[in-house]
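Enquirer: Have a look at this one before I ask anything.
The values are calculated or read from the model by the stated rules, or taken from the named source; none is laboratory data. Note that the coordinates shown come from a computational prediction; the quantities given were computed from them, not determined experimentally. Every residue, glycine as well, gets a Cβ built from its backbone with ideal geometry; the counts of neighbours run over all protein chains shown. Keep in mind that these areas ignore ligands, DNA and RNA; they rest on the heavy atoms of the full protein, side chains included. Shrake-Rupley method; radii C 1.70, N 1.55, O 1.52, S 1.80 Å.
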Amino acid sequence: PKRHATADGIVALFNASDDTIDMVQKLLTESGGNQTLIWCHFADLKKGVVDFVRYMDKHNPEVVIFDLSPPYDENWHFFKTMRDAATMVGRGVVLTTTNKNRLDEVLGEDSHALEVVGKPDDLRQIGAAIMSETRKAEAARLAPA
């Protein structure tokens, strides 16, 4: 698949809850970076209200945060189709959820999701994941095509 040169500093959040928007916005602001948060509801993507590929083409985020909520099995399958889409090549991905144990239990495997309950340690892990995925996207952007 063709690698996209992602827009510098755009972080997309496909969220289940508005609390997650506030939390991620606060993380980005506190990190002192120059990243801008854009978001849309995960359910709107799933229902086709928002076209995923068109959204990605329009905003071209360097990092995409997927926030999974129940029904986990259904949302996990939908997340995987988005994560594996050609438009995601060269972008960083962060997966969050409010109940990682339940998600892993439903999947029967480690989802590698980060828990967003808002505890300081959760926030540090999510902030570090966003930074790490941003560096990956920057490296992909700078790599020769």
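Enquirer: How much of the pair distance distribution for the chain lies past 27 Å, counting alpha-carbon pairs only, in percent?
Expert: Percentage above 27 Å: 16.
Enquirer: Between rounded, prolate and oblate, where does the stretch 71-145 land on the alpha carbon gyration tensor, with a ≥ b ≥ c its root eigenvalues, rounded for a/c under 1.5, else prolate if a/b exceeds b/c?
Expert: Oblate shape, in that a/c is at least 1.5 and b/c is the bigger or equal ratio.
Enquirer: For the pairs Lys47/Lys119; Lys46/Lys136; Lys26/Lys136, note any where the Cα-Cα span goes beyond 25 Å.
Expert: Distance filter (> 25 Å) returns Lys47/Lys119; Lys46/Lys136.
Enquirer: Okay, next question. Whenever you get a sec, line up Arg102, Arg54, Arg135 from highest to lowest accessible area (probe 1.4 Å, protein heavy atoms).
Expert: Per-residue accessible area, sorted high to low, gives Arg54, Arg135, Arg102.
Enquirer: Here's another thing I want to ask about it. In the chain, what percentage of the DSSP-assigned beta bridges are antiparallel, given to the nearest 5?
Expert: Beta bridges within the chain, antiparallel portion: roughly 0 percent.
Enquirer: Per residue, how much accessible area does the stretch 1-48 show when a 1.4 Å probe rolls over the protein heavy atoms, in square angstrom?
Expert: Per-residue value: 54 Å².
Enquirer: Just want to confirm a number: the relative contact order over the stretch 76-145, from Cα pairs under 8 angstrom separated by 6+ residues, in percent.
Expert: 35
Enquirer: Could you state how much accessible area Glu109 has, in square angstrom rounded to the nearest 10, with a 1.4 Å probe and all protein chains kept in place?
Expert: Here the residue's solvent-accessible area equals roughly 100 Å².
Enquirer: Roll a 1.4 angstrom probe over the protein heavy atoms and tell me the percent of accessible area of the chain that is carbon or sulfur.
Expert: The C+S portion of the solvent-accessible surface of the chain is 53 percent.
Enquirer: I need the shape label for the stretch 8-89. Rule: rounded when a/c is under 1.5, else prolate if a/b > b/c, else oblate, with a, b, c from the alpha carbon gyration tensor.
Expert: Oblate, since a/c reaches 1.5 and b/c is not below a/b.
Enquirer: Also: Would you mind calculating the relative contact order of the stretch 53-107 from Cα pairs under 8 angstrom and at least 6 residues apart, reporting the percent as a whole number?
Expert: 47
Enquirer: Considering only protein heavy atoms, what is the solvent-accessible area of Thr134 at a probe of 1.4 Å, reported in Å² to the nearest 10?
Expert: So the heavy atoms of Thr134 present about 10 Å² to solvent.
Enquirer: Which whole-number percent is the relative contact order of the stretch 8-145 (Cα, under 8 Å, 6+ apart)?
Expert: 24
Enquirer: Still on this structure: Once you sort the root eigenvalues of the Cα gyration tensor of the stretch 13-57 as a ≥ b ≥ c, which label holds: rounded (a/c under 1.5), prolate (a/b larger than b/c) or oblate (the other case)?
Expert: The shape class here is oblate.
Enquirer: Now for a separate question. Cross-link candidates for Lys100: which aspartates and glutamates have Cα within less than 15 Å, leaving aside residues fewer than 8 places away along the same chain?
Expert: Partners within reach: Asp67, Asp73, Glu109, Asp110, Glu115, Asp121, Asp122.
Enquirer: Dipole magnitude of the chain about its Cα centre, charges +1 at Lys/Arg Cβ and -1 at Asp/Glu Cβ only, in debye to the nearest 20?
Expert: Approximately 560 debye in magnitude.
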